[in-house]
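One structure is given here, and the rest of the page talks about it.
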Amino acid sequence: MIIKAVVFLPLFAAIIAGILAFMRHGNDSESSRRVDTMSQWITSGGLLLSAVFATLVFIDVGLNGNARTIHLFTWIDSGSFDVAWALKVDTLTAVMMIVVTYVSAMVHVYSIGYMHHDHHVPRFMCYLSLFTFFMLTLITADNLVQMFFGWEGVGLCSYLLIGFWYHKPSANAAAIKAFVVNRVGDFGFALGIFAVYMIFDTVHLDTIFATAPEKADTMLVVFGYEFHALTIACLLLFVGAMGKSAQLGLHTWLPDAMEGPTPVSALIHAATMVTAGVFMVARLSPIFEYSDLALTVVTIVGASTAIFAATIACTQNDIKRVIAYSTCSQLGYMFFALGVSAYSAGIFHLMTHGFFKALLFLGAGSVIHAMSDEQDMRKMGGIWKLIPVTYGLMWIGNLALAGIPPFAGYYSKDIVLEAAYGAHTGVGSYAFYMGLLAALLTAFYSWRLLFMTFHGSPRADEKVMAHVHESPKVILFPLMFLATGAVLSGWAGYSYFVGEGAVEFWGNSLLILDSHPALENAHHVPMLVKYAPLIVGVIGIGLAYVLYIKRPDLPGKIAASIPTIYAISFNKWYFDELYDRIFVRPAFYLGRNLWKVGDGTLIDGLGPDGISSAVRIMARRAAALQTGYLYHYAFAMLCGAVVLVSWYLFSNVG
Amino acid sequence: MPMSEFPNLIPAMPEIFLSITIMVLLMVGVFQNSDTVETSVRVNRQILSLSVIALIVTGFLVLSVSGPTITTFNDLFILDPFATFSKILVLIGAALTLYISRSYLELHQMARFEFGVLALCATLGMMMMISANDLMSLYVGLEIQSLSLYVIAAFRRDDLRSTEAGLKYFVLGALASGMLLYGSSLVYGFAGSTSFAVLADTFAQSDGAPAVGVIIGIVFILAGLAFKVSAVPFHMWTPDVYEGAPTPVTAFFAVAPKVAAIALFMRVMVGPFGELDDQWQQIVWLVAIASMVLGSLAAINQTNIKRMMAYSSIGHIGFALIGLCIGNQAGIQSVLVYMGIYVFMTVGTFACILCMRRGDRMVEDISELAGLSKSRPLLALALTIFMFSMAGIPPLAGFFGKLYIFLAAIDAELYGLAIIGVLSSVVGSFYYLRIVKVVYFDEPGDAFDQPIPKSIVTVLVGTTVLVVFFIFYPAPLLDSAAAAAASLIGG
């Protein structure tokens, strides 16, 4: 019952808020304000309640080990294809529930303050709650189809929320981009589900997991070649995960998604939806474990994304984009943790990251709010005395992100890197060194952000500076809560997630074969490896201090001295330009041609228009047969008889 | 059975009753004073009412003598469920069209009692055709019907178009009769008999391919029959006659003779020539396709609604011939169902056309219907329903007529026929829907005359209800058609 409440409270809240959205009349009237307030209270209340229940579920399932599946009702029952609506709750789900409901609840509360000038509050709250519902169905899915339902649902809500300010063309473009790029991933996911169904003849997760060992050696014939069946399925599923979690190649939508309101960025594009891919791979660990190739790919993609996104984050000037690339980079960490079979480490990082990244986004939102909707860091600076609480909270978030003890990021990032090292494989080492380098860059760009935003001389105009103010309590309270999480979650969760209590804590929800001992080894790595992340973190901070506080003239000179590297980083490795050339423009070209030539000229011309004009001509001719002369008619009849006889003689007698 | 034995008259009771009635009504009409307009109108009303009643009584007689297959008059005459079904349909069509014709006749100074009598005569001929079991009785029935129809086509003697229509129909009809007779004589020459039963036996017993002469004979018989159902290429008379003849006559033409002729067509093809179905099937195939295509194409350019209905009927006959081409029980049943639905749709449509009256004059242009929805919304609705039904749009009756035909065709693997049928049905829907468009979306002109005669309203309501609600209770038509088809194929 409690579990159902966790999942469905947001849905009911969303429905009510959706109805309320139609009850607004005019933008400034008293009744509209009341409607706004009501929708905020209902959705926030629903989410807070859901978070409380999620805590109870976590205690019951996670801490006391009562994993269970609640069958709601049958969805599809056709032949051997049997899909139910069910809520599968084990430790993995319970952890995700905590992250989703708490971050979502905080974002809801934060939105009360952040969005109060907006004219579409009920719609916004409705989308947020609806998103939360879809996310919860995704993580509670007991079969792949239900997971896909949630997966598409969060994609839809993401689209709606990125394009929330639909009067902005850039927001619409970003929304479409997010949707289309995700479609690529979702196609992979769908194919993956088909492959799994082909191999296992079911989409029910528990059944799949139980039979996975037997199918470990199954081969699949594709295009005349034999492939390892599970590898194919896993790789296809991973394409889906790459799309949702913005991994290298399919990452381009995430920075653009920052066009949405900041609370959306915090909820969807930092803490929850983008981690769905990580969750999915972890959830499917019992099949990924049987495909070394798939795990290798996961590791390489994750590690590459981590370093790739970090290099871009170093040169961006939009405060939200810096954090977006940072998210991309941190997701890379999670993936290479999964790739070396340190699933619990990946999930651990997912959780801590959820808290501190949401904190950073909401903090950035608070800064933007204070700076009259300015997002460019070059026009900020010198405001730390004016908004001290936000400043302090941003420090906490950045300390956690950079992995400085005792903040949350230290614990999770450490174990991720140690696991990569402990894998003792080629790709493991690659991931370790890339991760280490990325950690250096992470610390650097975090403090670059901090220094550019809060320190130095003010670069905004006087009108903006005069208006800079600390955000109201309704904005600060969620920040403080998340800051608490950012400080404590690593320390509190360490022993449960990856320490001594891990085996008992996770129960059956994750599977690690004995041949993948990375996490075991992670606790026995050399001292230098243990402290390396901390050391590079401090170096990164120092570097940022030198460049942006001590010698603010240096960054420009450095950029000028290595123009190529700077340009590559600043232009995001030219991915957007590349995709534009390879996919977008040819697609538009093709589309225009298919439309003008294919549809307009060929299909309309030969099809509807051509047929109708041909019919008209034939109709005129047919009517013209009727001359009105009797002898024509008689002649036609005799001709008809002759034709019929000839027709018969030719076709029959030959 | 010796020739001298007195024939069993019971199966022919309806025909006998109708013949006597015709003679009585003729006397009644002739020996009444009808010198002035008023008296002739009165006599006409009297005779028309009596004719309708006679048709209804005949219908009950047909039902009362119905039963298992029985032949009489030395096998010249057959009575089976198929005949019963077709006769009832013919009688319903004839009665309905006579019932709605009175106001028109009076309006156009055509109120002469001969109209009713001639219509009854034609109906008698149709019933004979339906019950024909011999090439001789076939011809006699056909001629009774045709001669009566020639006259009533030209019934409006002072109208050029009407007389032209009558003359054209007569000349072409004579030609068709000639073909039919020529074909019959060829068949007789090869088989040595005119009796359907003997013919069927003869063809069943002969091995190998039939003689070419027989086939030519069949083709000529088929041409004569195709003329009566106005199938392409023997359809040329139809548009001119439909347009030229007085509207009630056109309605009568469109309904009763069509049913009788298609019934006769089926009986001849499936009965005596049933064994040769491989031979005639492809000819019927060609005729069906030509009729469907020409019917739907040529109707598009018509501006006169009666002329359009002529092409529409050609198209409908094409669809019905699909069922005949299939030649099995399902095919025959689908034709009977199709014709049953066709009768009601067509009578309803002509009832609408009879309402197209402005300033005491009939108007026949489709454009005159513009804005009917504003001036006469209920009439517009009825017309729309009939047009949709004719176009074969569910859930109206016309859809099911086509559906059963196409289902049977698919079952018999006549895919080409079904596909062309569906395509021409699509093309055909254009001109039906054009009327709906004119009725609802064009700028309204002057309203039609009020009030609509009660008889027309009654028929309109009745046929509309049948067309709309057929979907809920199709069983009577389907079951009786199935029984009729079974008797034709089995017998």
For B:Y99, what accessible surface area do you get with a 1.4 Å probe? Give it in Å², rounded to 10.
100
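Show me A:238-245, B:388-395 ranked by packing, highest mean number of other Cβ atoms within 10 Å first. Before the final figure, lay out each step's value.
Numbers: A:238-245: 27.6, B:388-395: 21.2.
So the peptides A:238-245, B:388-395, ranked by packing, come out A:238-245, B:388-395.
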Treat each spin label as a single point 7 Å out from the Cα along the C-beta direction, and report the A:D609 to A:Y166 distance in nm.
3.2
Average partner chain C-beta neighbours within 10 Å, per residue of A:639-651?
6
In segment B:94-161, which trypsin sites (Lys or Arg not before Pro) are in a loop and have at most 14 other Cβ atoms within 10 Å, using DSSP for the loop call?
B:R157
Let me know the charge dipole size of chain A about its Cα centre in debye, to the nearest 20, where only the beta-carbon of Lys, Arg (+1) and Asp, Glu (-1) is charged.
1780
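Kirkwood hydrodynamic radius (Cα pairs, Å) of segment A:168-266? Walk me through the intermediate numbers first.
Numbers: mean 1/r = 0.0659 Å⁻¹.
Taking every pair of different Cα atoms in segment A:168-266, averaging 1/r and inverting gives 15.2 Å.
Classify segment A:454-603 as rounded, prolate or oblate, taking a ≥ b ≥ c as the square roots of the eigenvalues of its Cα gyration tensor: rounded when a/c is under 1.5, otherwise prolate if a/b is larger than b/c and oblate if not. Let's see the in-between values first.
On the way: a/c = 1.75, a/b = 1.22, b/c = 1.44.
Cα axes put segment A:454-603 in the oblate bin.
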Under 26 Å from the Cα of A:K596 - lysines, other chains or at least 8 residues apart
A:K177
With R₀ set to 51 angstrom, the calculated FRET efficiency between the beta-carbons of B:V28 and B:Y415, to the nearest 0.05, is 0.35
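For the protein assembly as shown, what is the calculated [θ] at 222 nm in deg cm²/dmol (nearest 500), taking -39500 (n - 2.57) for each run of four or more DSSP H residues and dividing by its residue count?
Numbers: 49 runs with 809 residues, N = 1145.
Counting only the DSSP helices, I get -23500 deg cm²/dmol.
Using a 10 Å cut-off on Cβ to Cβ distances, tally the other chain neighbours for every residue of B:225-236 and report the average as a whole number. Intermediate results must be reported in sequence, preceding the final value.
Numbers: counts 0, 4, 2, 0, 0, 0, 1, 4, 10, 7, 6, 13.
Rounded to a whole number, the mean comes out at 4.
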Taking 0.36 nm per residue of sequence separation and subtracting the Cα-Cα distance, how much length would be gained by fully extending the chain between B:L9 and B:L433, in nm to one decimal?
147.7 nm
5 angstrom amide H check on A:L220, placed H, neighbours 5+ away:
A:F227, A:H228, A:A229
Please give the residues of segment B:455-491, grouped as numeric ranges, whose backbone N is less than 19 Å from a label point set 7 Å along the Cα-to-Cβ vector of B:L407.
B:467-487
Using square roots of five times the C-alpha gyration tensor eigenvalues, list the equivalent-ellipsoid semi-axes of segment B:352-465 in whole Å, biggest first.
32, 16, 10
With the crude spin-label approximation of a point 7 Å out along Cα→Cβ, what separation in nm comes out for A:D373 versus B:F472?
6.0
From a point 7 Å beyond the Cα of B:N74 in the direction of its Cβ, which residues of segment B:14-42 have a backbone N at a distance under 20 Å?
B:16
Name the shape class, rounded, prolate or oblate, that the alpha-carbon gyration tensor gives for chain B, where a ≥ b ≥ c are the square roots of its eigenvalues, rounded holds for a/c under 1.5, and otherwise prolate holds if a/b is larger than b/c and oblate otherwise.
oblate
Compute the distance in nm between two label points, each set 7 Å from the Cα along the Cα-to-Cβ direction, one at B:D449 and one at A:K550.
11.1
Here the whole-number average of other chain Cβ atoms within 10 Å per Cβ of B:298-305 is 4
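Are there any chymotrypsin sites (Phe, Trp or Tyr not before Pro) in segment B:13-72 that are in a DSSP loop and have at most 11 other Cβ atoms within 10 Å? List them by number. Working shown, then result.
Values: sites: B:F17, B:F31, B:F60; in loops: B:F31.
Answer in residue order: B:F31.
Starting from the Cα gyration tensor of the protein assembly as shown, take the square roots of the eigenvalues, sort them a ≥ b ≥ c, and report rounded, prolate or oblate (rounded when a/c is under 1.5, otherwise prolate if a/b is larger than b/c, else oblate).
Details: a/c = 3.37, a/b = 2.64, b/c = 1.27.
Prolate shape, in that a/c is at least 1.5 and a/b is the bigger ratio.
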Contour minus Cα-Cα distance for B:I393 and B:I16 (0.36 nm per residue):
131.6 nm
For B:R45, A:R448, the accessible-area ranking with a 1.4 Å probe, largest leading, is B:R45, A:R448
If you keep only loop residues by DSSP, which chymotrypsin sites (Phe, Trp or Tyr not before Pro) in segment A:604-645 have at most 16 other Cβ atoms within 10 Å of their Cβ?
A:Y629
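Among B:140-148, B:418-426, how do they line up from the highest to the lowest mean number of other beta-carbon atoms within 10 Å?
B:140-148, B:418-426
Take every Cα pair under 8 Å in chain B that's 6+ residues apart, average their separations, divide by the length, and report that relative contact order as a whole percent. Walk me through the intermediate numbers first.
On the way: 846 pairs, mean separation 73.1, N = 491.
About 15 percent, as a whole number.
Got the relative contact order for segment B:1-149 handy, in percent, Cα pairs under 8 Å and 6 or more residues apart? List each step's numbers first, then the result.
Values: 200 pairs, mean separation 42.1, N = 149.
This gives 28 percent for segment B:1-149.
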Taking a spot 7 Å from the Cα of B:E106 along the direction of its beta carbon, which residues of segment B:39-81 have an amide N less than 13 Å from it?
B:39-49
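Sorted by mean Cβ packing within 10 Å, highest first, what order do the peptides A:639-651, A:9-21, A:490-502, B:214-226 take?
Working: A:639-651: 16.2, A:9-21: 20.7, A:490-502: 18.8, B:214-226: 25.4.
By packing density, highest mean first, the sequence is B:214-226, A:9-21, A:490-502, A:639-651.
What is the interface area between chains A and B, defined as buried accessible area summed over both chains with a 1.4 Å probe, reported in Å² to the nearest 100?
Numbers: alone 27630 and 18730 Å², together 43670 Å².
It comes to approximately 2700 Å² buried between A and B.
When only C-alpha pairs under 8 Å and at least 6 residues apart count, what is the relative contact order of chain A, in percent?
Values: 1107 pairs, mean separation 79.4, N = 654.
Relative contact order, chain A: 12 percent.
The values are calculated or read from the model by the stated rules, or taken from the named source; none is laboratory data. Nothing here was measured: the structure is a model prediction, and the numbers come from that model. Reconstructed Cβ throughout: ideal geometry from the backbone, glycine too, with neighbour counts over all protein chains shown. Please note that ligands, DNA and RNA were not included when accessible areas were found on the heavy atoms of the full protein model with its side chains. Shrake-Rupley method; radii C 1.70, N 1.55, O 1.52, S 1.80 Å.
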